[in-house]
Amino acid sequence: IEYRNNRPDVSKLQLQVDRFMEAFDRQVKDEKDNLGVREVDEDGFELVKRKSRKLKGSLSTEPSKRKKKKKEPLVNFYKSQRRDKQKEKLAVLRKKFEEDRQKIVEMRKARRFKPY
């Protein structure tokens, strides 16, 4: 249901695509027509223009309804923070390892330890 709600209606989408393609075809045709034409200023020098193939503006009739993702603040931005975080993880792992080692020693004393 959410997928369908987030997607535009097929007829609206087709209309939007058709409009875009018509505008694009017009722009390409205009560029081809103007390719051979050179503009000359009053001094007789040719004006050099930048060629752009980008369409300006949006052709859609409705404003965009897309939600912007909120940028989450960076947790470990600085290298020292990452290093500290890694040291904390290692300390926790070492502590768990020592606890497990103590459990094994106690189980061996109680003769209940059978690894296989």
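The values are calculated or read from the model by the stated rules, or taken from the named source; none is laboratory data. Remember, it's a predicted structure, so these values are computed and weren't measured experimentally. Note that each Cβ is placed from the backbone with ideal geometry, even for glycine, and that neighbours are counted across all protein chains shown. Note: accessible area is taken over every heavy atom of the protein model, side chains too, but ligands, DNA and RNA are not part of it. Shrake-Rupley method; radii C 1.70, N 1.55, O 1.52, S 1.80 Å.
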Any hit, segment 51-64, residues being β-branched (V, I, T), at pLDDT 70 or above and out of contact with any Ser or Thr (no Cβ under 7 Å at 6 or more places or on another chain): no
- prompt: Could you give every pair whose Cβ atoms fall below 8 Å, whose first residue belongs to segment 64-88 and is more than 30 Å from K12 (Cβ to Cβ) and outside any helix (DSSP H, G or I), and whose second residue is modelled with pLDDT of 80 or more and open to solvent by less than 100 Å² (accessible area, probe 1.4 Å), counting only separations of at least 6 or pairs across chains?
  reply: V75/Q81; N76/K85
message: Conditions first: (1) within 28 Å of the chain's Cα centre (by Cα); (2) modelled with pLDDT of 90 or more. L90 passes all but one, so which condition is the exception?
response: (1)
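Go through segment 1-41 and report how many residues are part of a helix (DSSP H, G or I) and surrounded by 10 or more Cβ atoms within 10 Å (Cβ to Cβ).
Residues of segment 1-41 part of a helix (DSSP H, G or I): 2-6, 10-35.
Next, from what is left, pick out any that are surrounded by 10 or more Cβ atoms within 10 Å (Cβ to Cβ): 6, 12-31, 34.
Adding up the residues that qualify gives 22.
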